[in-house]
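Let me begin by presenting the structure, written as structure tokens, before commenting on it.
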Amino acid sequence: MKIPDSLADIGKKRIEPYPVEGFVFGGGPEKPKLMLVGEAPGETEINNGIPFSGRAGEQLMGFLDRIGLSREEVYITSAVRSRPYKWGEKKERSGEIIKRKYNRTPNQREILAHAPILDYEIEHVKAPIIVTLGNIGLKRLAGREKKITDVRGTVLHQPVQRLKSLEDSTFSWTEKSYYLFPTYHPASIFYNRSLLEHIHNDLDKLNMYLNELKQGKEH
Ligand code: URA
């Protein structure tokens, strides 16, 4: 499934005022085994156009492997489709200080700017469950009051937030309820290694849930 080019153009236009660069399409089958919603692409992704293809992506592929899935079987996207950056300084080996761009977390205005894209994907991709990776994906869909530490590793069945209209910069709730499964973002373990054990526990629960679905058990 690929979003229409006209929708990508809307997203590119809406994000223009903000310090972001590039545009990476989400991707995967129209009927995937699950849908993954991350935060925003990084430098690697905007250079090769493939979501989760950098360091975080390597971790994510390991997570998918743990539950017996491959990249080709899942739909991968994120709250923001461009790379939010901030300028910083880096000291070269020669001692020279150079200015370079660093990744940063997208802010609410940037999330709203790209909301029509994720809204479209949520509506058109027929995934049995949406796995949110990190706080940004979770709060974008399940609301700002949700905290990852409270709900991670559990299945939420609820409406999700969608942009009211292109002219309006607030969210409303979908009529339909979706199954959400929040867990930590794969990059979180770069800063806090102990989260890996929690993520593994979450993945094992997700695996059980998907196996029950396969066996046709009702949820
Ligand atoms: N983090 C994300 O959320 N998405 C990517 O594509 C890469 C890193």
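The values are calculated or read from the model by the stated rules, or taken from the named source; none is laboratory data. Computed from a predicted structure; not experimentally measured. Backbone-built Cβ (ideal geometry, glycine too); neighbour counts: all protein chains shown. These area figures cover heavy atoms from the full protein model, side chains too; ligands, DNA and RNA do not enter into them. Shrake-Rupley method; radii C 1.70, N 1.55, O 1.52, S 1.80 Å.
So in the stretch 121-137, with the set limited to residues that are part of a helix (DSSP H, G or I) and away from the ligand (no atom under 12 Å from the Cβ), which one is surrounded by the most Cβ atoms within 10 Å (Cβ to Cβ)?
E121
Would you please list the contacts, defined by Cβ atoms under 7 Å and residues six or more apart or on different chains, that run from a residue in the stretch 36-59 that is within 25 Å of K126 (Cβ to Cβ) and at pLDDT below 95 to a residue that is within 8 Å of the ligand (Cβ to nearest atom) and not hydrophobic (A, V, I, L, M, F, W, C)?
none
Do the conditions hold for R193, that is, is it modelled with pLDDT under 95, assigned to a loop (DSSP other than H, G, I, E, B), surrounded by fewer than 21 Cβ atoms within 10 Å (Cβ to Cβ) and away from the ligand (no atom under 16 Å from the Cβ)?
No.
Kindly indicate whether any position in the stretch 143-166 is closer than 28 Å to T44 by Cα and at pLDDT 95 or above.
Yes, the stretch 143-166 contains at least one residue that is closer than 28 Å to T44 by Cα and at pLDDT 95 or above.
Return the residues of the stretch 60-83 that are among the hydroxyl-bearing types (S, T, Y) and in contact (Cβ under 8 Å) with a residue 60 or more places away in the chain; say none if nothing qualifies.
Scanning the stretch 60-83 gives Y75, S82.
Check the stretch 100-108 and report whether any residue there is part of a helix (DSSP H, G or I), crowded, with 21+ Cβ neighbours inside 10 Å and on the phi < 0 side of the Ramachandran plot.
Looking for residues that are part of a helix (DSSP H, G or I), crowded, with 21+ Cβ neighbours inside 10 Å and on the phi < 0 side of the Ramachandran plot, one finds none in the stretch 100-108, hence no.
Which one of these is hydrophobic (A, V, I, L, M, F, W, C), open to solvent by less than 60 Å² (accessible area, probe 1.4 Å) and away from the ligand (no atom under 16 Å from the Cβ): L141, L118, L203?
L203
Identify all residues within the stretch 60-78 that are within 10 Å of the ligand (Cβ to nearest atom) and either of a type in the set (F, W, Y) or more than 14 Å from the chain's Cα centre (by Cα) (or both); write none if there are none.
Of everything in the stretch 60-78, nothing turns out to be within 10 Å of the ligand (Cβ to nearest atom) and either of a type in the set (F, W, Y) or more than 14 Å from the chain's Cα centre (by Cα) (or both).
In the stretch 84-114, what residues are under 30 Å from I3 (Cβ atoms), without any contact (Cβ under 8 Å) to a residue 60 or more places away in the chain and in contact with a Gly (Cβ under 9 Å, 6 or more places away or on another chain)?
Y102
Scan the stretch 3-52 for residues that are more than 10 Å from the ligand (Cβ to nearest atom) and open to solvent by less than 20 Å² (accessible area, probe 1.4 Å) and jot them down.
Hits for the stretch 3-52 are I3, A8, G11, I15, P32, L34, M35.
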